[in-house]
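The values are calculated or read from the model by the stated rules, or taken from the named source; none is laboratory data. Everything quoted here is computed from the prediction, not taken from an experiment. We place every Cβ from the backbone using ideal geometry, glycine too, and count neighbours over all the protein chains shown. Accessible surface is based on the protein model in full, side chains and every heavy atom, while ligands, DNA and RNA are left aside. Shrake-Rupley method; radii C 1.70, N 1.55, O 1.52, S 1.80 Å.
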Amino acid sequence: MEKWARFLEVNSSRILELTIDHAILVSLAIFVALLIGIPLGIYLTTNQYLADTVLQIASITLTIPSIALFGVMIPIFSLINQGIGFVPAFVALVLYSQLPIIRNTYTGIKNVNPEMRDAAIGMGMKTRQRLLRVEIPNALPVIMAGVRTAVVMNIGIAVIAAYIGAGGLGVLITQGISRNDNYLIISGSIAVAILAIIADAILLLIQKRFTKKAIAE
Amino acid sequence: MKRKKLIGSIVRYALYAAVAAFFIWAISNSYFDYIFSQSETFLVLLRQHVVLVLVSSLLAILIAVPAGILITRPKFKKAEWIFSNIANLGQTIPSLAVLALMISVLGIGFRTAVFALFIYSILPIFRNTVAGIDSIDKNMIDAAKGMGMKPHQILFRIELPNSAYSILAGIRTAVVLNIGTAALAYVVGAGGLGVWIFTGINLFDNGFLISGAIPVTLLAILADYILRKVEYIVVPKGSRRIEKA
Amino acid sequence: MISFNHVTKSFGEKITAIDDVDFTVEEGKIVVLLGPSGCGKTTLLRMVNQLESITKGEIVINGENSKDLDPIELRRKIGYVIQSNGLFPNMTIEENVMLVPDLLGWNKKKKRERFEYLMKLIGLDPKDYGKRYPHELSGGQQQRIGVVRALAADPPVMLMDEPFGALDPIIRDKIQEEFLQIQREVKKTILFVSHDIDEAIKMADKIVLLRDGKIMQFDTPSEMLAHPKNEFVSQFFGKDRAIKSLSLHTVENLREVIGLGPVDESIQDTKTIHIHQDLRNTLSMLLNQEADQVIVKDEQDENIGTITIDLVQKYLHFEIKGKMSASQEG
């Protein structure tokens, strides 16, 4: 206990810093992933052929082990002198987020009660109005579930990104391994776990807030 | 309709082209050469990788499936949420950390890696086993009881066949994850194809990177493919659900 | 025969789900447990095959106290049908139907023969349907399979918990008819749960009307309609219980009491009805097609007369209402 207190006294500001780095990397990746994934998921509901292709690609992408994806990306990004660091980590996280986000957006909207959709059409809503007022609000819980999966997964994957110099909490764990220092490893893992739990809780809260609003309207 | 189909085809072939371009580029830069010039080492690493995954996954299945069955029995029903929450919590701990922490308990080496992979694979299998059994319609179980089936008959004839899809999907998730985590076994000195990936990162050697990363990727995709086929064969025809991706 | 001897079920001290219930289902008869939701009818049914425990009293099945029987053995001797049919999606239709015989260790030939016999009872081709899976069948077919599955090992007693509740009215009607037909052949002792008054009147030899776990009345449908024992019973069956009771009478009854009208050849396009059809259906047919008359056919498919709304009304007045008011005054 005393040792822990001393460890935290020395390292707490660094842990906090790395946690913030970690959160920023994941948030940026998720933000971009949402910008791509949600419109794409919505579009896929109108194009079955493309949907099959894209979902298959996204599903294969997800099976690629993260360290292997980094291993492939380093040579590719070396071509533009970004082989190590933020860029490959960021791109990998965006790619991994695509499956849960696209799939959940797609299935969420597809599964909206067809009678509800009919009613909207029957009331003379345009496609865009129908999407924004009926389909997306009703698919929101499913879409948010996909976002939560992506966020929690990315927080874990970003740990590995420390090996390619992307910073974040993985630094504590990799340093702990090379220095044989369990304090670093444990504090790093706990910080990652707490970050994941907090992020999930915040997203759940957002989801509930928005869902209620949607129903109230 | 035709235009939509066309867009779909364009995306598909563009992807094929990109993958082909990558391989042509990698081959023309001789990034795969280590696989052939050091084929003995490659085969050793590959074997280590596969053994790590197989042993740890088998152990995990042997523990997690019976544990999932046990916890869904009426006697233990009340404890279910505790274990489910532990399983959920456990999945937020990074795999790298599990590996690293095992060093201080078991030292460096193969055993450590197997144990860490085993621990990490238990969670998805356990979760899916519990979810699969819980999702079975209560009325079906009621009908089975009312027909005079004994608890073990209900388990083997009704519950397991009808949750087979979910259990096998959990196993598939675990094995695919496991192949990736086994690439990290390098850090506990257990070998595997991760050795080349990490060597490549440390030495900035694209050849090692590609020669390590591509086989791991193919291994994962292959495992996913095979296990999906197994699912298709094992899951009873009537309870097969059409689930994509 | 199933006898309920002062059966009570309570949870703790305060809640009594079943309160001193006492009645008997005679051999080969159908008794319907009827009542509003939460009246304990399903609980009572499930006490028979020990899916629910009995706090006080006993249930005697064909001379044996259910408490003395092993629940597994007991359940295999009792057919059990539930609302959502409870078919097992992982098994084919044949495997589903033959599950209990299989558990009882019947040989292949015996199972095969039994399966073919049962499928013929419900008019489905055993060869065609045997290899199919439940999800490949319509709701009505699934429910029929649920019924014959309960009949598979030829149990003397059947428990049916709203077996037709999930079906749409037209199919429900058809399957009820079909089931009564089968019952005439197999003559099982049946306890049947329903919340549908019309179904109860149609299916029951006797009805047990329950409220809050207590028996309000135990009688034949016609007695219950004609002589409700208390306010609850008469309210439960409603003001239109006279019309409801029409379903207990057939065109033939009407012919015997007041006779049919003559066939008017000048009216074209009239519908026909069979002499064994009940009067309630006849009345709704007359009202629906807005025709003055419907031609009645006998078993040989001969026109034997016509029936009109007036005739039904007359019959209702003399035969049913007359008896009802007489009994209420007396």
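Counting only other chain Cβ atoms within 10 Å of each residue's Cβ, the peptide C:151-161 averages 1.
The lysines within cross-link reach of B:Lys4, meaning a Cα-to-Cα straight distance under 26 Å and a gap of 8 or more places when in the same chain, are A:Lys110, A:Lys126, B:Lys244.
Show B:Ile103, C:Ile275, B:Ile233 ordered by accessible area, largest first, where the area counts protein heavy atoms only and the probe is 1.4 Å. Present the calculation step by step, with values, prior to reporting the outcome.
Numbers: B:Ile103 30, C:Ile275 5, B:Ile233 135 Å².
Order by accessible area, largest first: B:Ile233, B:Ile103, C:Ile275.
Evaluating 6.51 cos²θ - 1.76 cosθ + 1.60 at θ = phi - 60° for every residue in segment C:76-90, the Karplus couplings come out as 5, 9, 10, x, 9, 10, 10, 4, 8, 6, x, 5, 8, x, 7 Hz, glycine and proline recorded as x.
Computed with a 1.4 Å probe over protein heavy atoms only, the accessible area of A:Ser187 comes to about 10 Å².
Averaged over the residues of A:97-108, the number of partner chain Cβ atoms lying within 10 Å of the residue Cβ comes to 1.
When all protein chains stay in place and ligands, DNA and RNA are ignored, the 1.4 Å accessible-area order of C:Asp198, C:Asp310, largest first, is C:Asp310, C:Asp198.
Annotation: lysines with alpha-carbon distance below 17 angstrom to C:Lys271 (same-chain offsets under eight excluded): C:Lys297.
Counting only other chain Cβ atoms within 10 Å of each residue's Cβ, the peptide B:85-95 averages 5. Its relative contact order, with pairs defined as Cα atoms under 8 Å and 6+ residues apart, puts segment C:164-235 at 17 percent.
What total accessible surface area, summed over both chains, is buried at the interface between chains A and B, computed with a 1.4 Å probe and given in Å² to the nearest 100? Each step should come with its number before you reach the end.
Numbers: alone 12340 and 14900 Å², together 23650 Å².
Approximately 3600 Å², summed over both chains.
Report summary: the helix-based calculation at 222 nm, which adds -39500 (n - 2.57) for every DSSP H run with n ≥ 4 and divides by the residues of chain C, gives -11000 deg cm²/dmol.
Looking only at the protein assembly as shown, where both bridge partners belong to it, what percent of the DSSP beta bridges are antiparallel (to the nearest 5)? Don't skip to the answer; put the middle values down first.
Working: 26 of 48 bridges.
For the protein assembly as shown, the DSSP antiparallel bridge percentage is about 55.
Comparing mean-square fluctuations of B:Ala20, B:Ala223, B:Ala97 from a GNM of chain B with C-alpha springs under 10 Å, the top value falls on B:Ala20. Looking at segment C:1-98, the GluC sites (Glu not before Pro) that sit in a DSSP loop and have at most 12 other Cβ atoms within 10 Å of their own Cβ are C:Glu13.
Taking a ≥ b ≥ c as the square roots of the eigenvalues of the Cα gyration tensor of chain C, is the shape rounded (a/c under 1.5), prolate (a/b larger than b/c) or oblate? Kindly include the intermediate steps, with their values, before the conclusion.
Numbers: a/c = 2.45, a/b = 1.29, b/c = 1.89.
Verdict is oblate for chain C.
Across segment C:1-153, C-alpha contacts under 8 Å between residues 6 or more apart give a mean separation that, scaled by the residue count, equals a relative contact order of 22 percent. Across segment C:232-237, computed HN-Hα scalar couplings (Karplus, 6.51 cos²θ - 1.76 cosθ + 1.60, θ = phi - 60°) run 4, 5, 5, 5, 4, 7 Hz from first to last residue, x flagging Gly and Pro. Annotation note: chymotrypsin sites (Phe, Trp or Tyr not before Pro) in segment C:202-244 located in DSSP loop regions with a Cβ neighbour count of at most 11 within 10 Å are absent. In chain A, the inverse of the mean reciprocal separation of distinct Cα atoms equals 19.1 Å; this is its Kirkwood hydrodynamic radius.
Once you order the gyration tensor axes a ≥ b ≥ c over the Cα atoms, which shape class does segment C:87-214 get: rounded for a/c under 1.5, otherwise prolate or oblate by comparing a/b with b/c?
On the way: a/c = 1.97, a/b = 1.59, b/c = 1.24.
Judged from the Cα gyration tensor, segment C:87-214 comes out prolate (a/c at least 1.5, a/b above b/c).
Here C:Asp205 sits with roughly 60 square angstrom of accessible surface, probe radius 1.4 Å.
Counting only Cα atoms, the protein assembly as shown measures 107, 64, 55 Å along its principal axes, largest extent leading. Ordered from largest to smallest accessible area (heavy atoms of protein chains, 1.4 Å probe), the residues C:Met1, A:Met144 come out as C:Met1, A:Met144. Here are some pairs, C:Lys187/C:Lys239; C:Lys29/C:Lys239; B:Lys78/C:Lys56; C:Lys67/C:Lys120; which of them have Cα atoms lying more than 31 Å apart in this structure? Check vs 31 Å cut-off fails for C:Lys187/C:Lys239; C:Lys67/C:Lys120.
Give the interface area between chains C and B as buried accessible surface, both sides summed, probe 1.4 Å, in Å² to the nearest 100.
Details: alone 16550 and 14900 Å², together 29500 Å².
It comes to approximately 1900 Å² buried between C and B.
Shown in residue order for segment B:75-83 are the 3J(HN,Hα) couplings computed by the Karplus curve 6.51 cos²θ - 1.76 cosθ + 1.60 at θ = phi - 60°: 4, 9, 3, 5, 7, 4, 5, 4, 5 Hz (x for Gly and Pro).
Ignoring everything except DSSP H segments at least 4 long, calculate the 222 nm mean residue ellipticity for chain A; use -39,500 (n - 2.57) per segment, divide by total residues, nearest 500. Could you put the intermediate results ahead of the total?
Values: 9 runs with 180 residues, N = 217.
So the helix-based figure for chain A works out to -28500 deg cm²/dmol.
On the principal axes of its alpha-carbon atoms, segment B:33-239 has extents of 67, 38, 21 Å, going from largest to smallest. Given a 1.4 Å probe and the protein chains as shown, B:Thr92 ends up with an accessible area of around 20 Å². When the C-alpha to C-alpha distance is required to be over 25 Å, the pairs from B:Lys75/C:Lys108; C:Lys77/C:Lys206; B:Lys150/C:Lys174; C:Lys41/C:Lys206; B:Lys145/C:Lys41; C:Lys174/C:Lys244 that qualify are B:Lys75/C:Lys108; B:Lys150/C:Lys174.
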